[in-house]
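Report on the following structure.
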Amino acid sequence: MTHVINQGMSMYWGTSRWAAMEIMEAYSVARQFNLIPPVCVGVVSWSPLACGIITGKYDSGIPETSRASMKPYQWLREKITSEDGRKQQAKLKELTHIAEKLGCTLPQLAIAWCLRNEGVSSVLLGSSNPTQLTENLGAIQVIPKMTTGIASEVDHLLGNRPHSKKDYHH
């Protein structure tokens with residue numbers, strides 16, 4: 001990639017779907033051999049609706065016409081029907097109350113949640129029809145409603161907020 005950048009064919013390089021350890025290793029090797037390391041210009045959020053789980057389509061089982069019913073998506077079917085999947089469904093019901101309080105749908109809340117993060121450059125949306133796309137795009141109007149209080153409520157409910165060193169009080 002250093003050659004490509006030095007030839008003016010690219011300005012920088014980055015990665016997609018690499019684990020943090022792999023990115024750190026690439027950065028370290030690049031520095032060790034005086035090469036240009038990967039650069040992060042932003043995060044693209046993939047599947048903000050968790051392959052449709054957040055839409056509620058799997059609340060009462062797996063519809064025959066859904067992605068999870070297809071053979072290549074057995075991993076998704078297993079995720080939905082697992083014990084963790086059932087726990088996720090319970091959290092989604094609680095998140096629905098927050099969405100109702102904001103006057104939006106759960107998918108809109110999830111997409112707005114992604115977009116409000118200053119490190120996120122873009123959110124990849126998948127829609128089966130124009131109605132879904134219109135609903136998803138409505139998330140833009142939810143972003144201003146995502147106050148610190150609402151963010152804290154969602155963080156508390158999900159219990160999966162990453163912590164930085166500054167979050168720990170010694």
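The values are calculated or read from the model by the stated rules, or taken from the named source; none is laboratory data. All values derive from a computational prediction rather than experimental measurement. Cβ placement follows ideal geometry from the backbone for every residue including glycine, while neighbour counts extend to all protein chains displayed. Keep in mind that these areas ignore ligands, DNA and RNA; they rest on the heavy atoms of the full protein, side chains included. Shrake-Rupley method; radii C 1.70, N 1.55, O 1.52, S 1.80 Å.
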For E78, solvent-accessible area (1.4 Å; no DNA, RNA or ligand), Å²: 100
Folded to 0 to 90 degrees: helix 20-32 orientation relative to the chain principal axis, Cα: 10
Percent accessible area from carbon and sulfur atoms, the chain, protein chains only, probe 1.4 Å: 56
Solvent exposure of the stretch 60-106 as accessible area per residue, Å², 1.4 Å probe: 70
Relative contact order (%) - criterion: Cα under 8 Å, at least six apart; region: the chain: 21
Net charge of neighbours whose Cβ lies under 15 Å from the Cβ of E78, counting Lys and Arg as +1 and Asp and Glu as -1: +4
Formal net charge of residues neighbouring A68 (Cβ-Cβ distance under 12 Å; K, R +1; D, E -1): +3
Debye intensity ratio in log₁₀ form over the Cα atoms of the stretch 2-46, taken at each q of 0.19, 0.32 Å⁻¹: -0.63, -1.18
Pair R17, T147: separation of 7 Å Cα→Cβ label points (nm): 4.1
Cα-only Debye scattering, the stretch 1-77: base-10 log of I(q)/I(0) at q = 0.11, 0.12, 0.24 Å⁻¹: -0.52, -0.58, -1.10
Kirkwood Rh (inverse of mean 1/r, distinct Cα pairs), the chain, angstrom: 18.8
Residues L124 and R31, FRET efficiency given R0 of 35 Å [Cβ-Cβ distance, rounded to 0.05]: 0.70
